[in-house]
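Step one of this worksheet: look at the structure below.
All of the numbers you see were taken from the coordinates with simple rules; none came from a lab. Computed from a predicted model, the values in this text were never measured in an experiment. Cβ placement follows ideal geometry from the backbone for every residue including glycine, while neighbour counts extend to all protein chains displayed.
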Amino acid sequence: MRICVYVAGSIGGVLADAGHNVSLIARGPHLAAPQAKGCTVETGGRTFTVHPQCSDDPADFGPQDYVVVAVKAPAMPSVADSIGPFLGPETVVVPAMNGVRW
């Protein structure tokens, strides 16, 4: 199963740790850190580091089975404009955004 998490974070780390083929989209320092050191997650009394593929360009990963969009609501227009390369005929998009008051 191919899963891309739009905006790097713990969701992608947990999915990668569970053995899924995970890629992450991030920008600036949020991209540089996982590219250099991986993603370290602290959850359930344990700490682990995973090293998923990371990019700022959705075209780098192609169609996915699942896309988890984990951005704040104000960022959604730019995500919507760039998410096309992830979408195949069976792709499921999971919106997991916060900042809904925006």
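Tabulated results
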read-out	value
Ala70, sole failed condition from (1) closer than 17 Å to Asn21 by Cα; (2) surrounded by 11 or more Cβ atoms within 10 Å (Cβ to Cβ); (3) in contact with a helix residue (DSSP H, G or I) (Cβ under 8 Å, 6 or more places away or on another chain)	(1)
Criterion: surrounded by 11 or more Cβ atoms within 10 Å (Cβ to Cβ) and not in a strand (DSSP E or B) - qualifying residue of Pro85, Pro89, Pro77	Pro85
Enumeration of residues in the stretch 8-27 that are surrounded by fewer than 21 Cβ atoms within 10 Å (Cβ to Cβ) and either under 16 Å from Lys72 (Cα atoms) or free of Cβ contacts under 8 Å to residues at least 12 places away in the same chain (or both)	Gly9, Ser10, Ile11, Ala18, Gly19, Arg27
First in the stretch 56-71 and farther than 17 Å from Gly9 by Cβ, second anywhere and among the charged types (D, E, K, R) and in a loop (DSSP other than H, G, I, E, B), Cβ under 8 Å, 6 or more apart	Asp65/Glu90
1 or more residues closer than 22 Å to Ala96 by Cα and within 11 Å of the chain's Cα centre (by Cα): qualifying strands (runs of 3 or more DSSP E) within the stretch 8-54	21-25
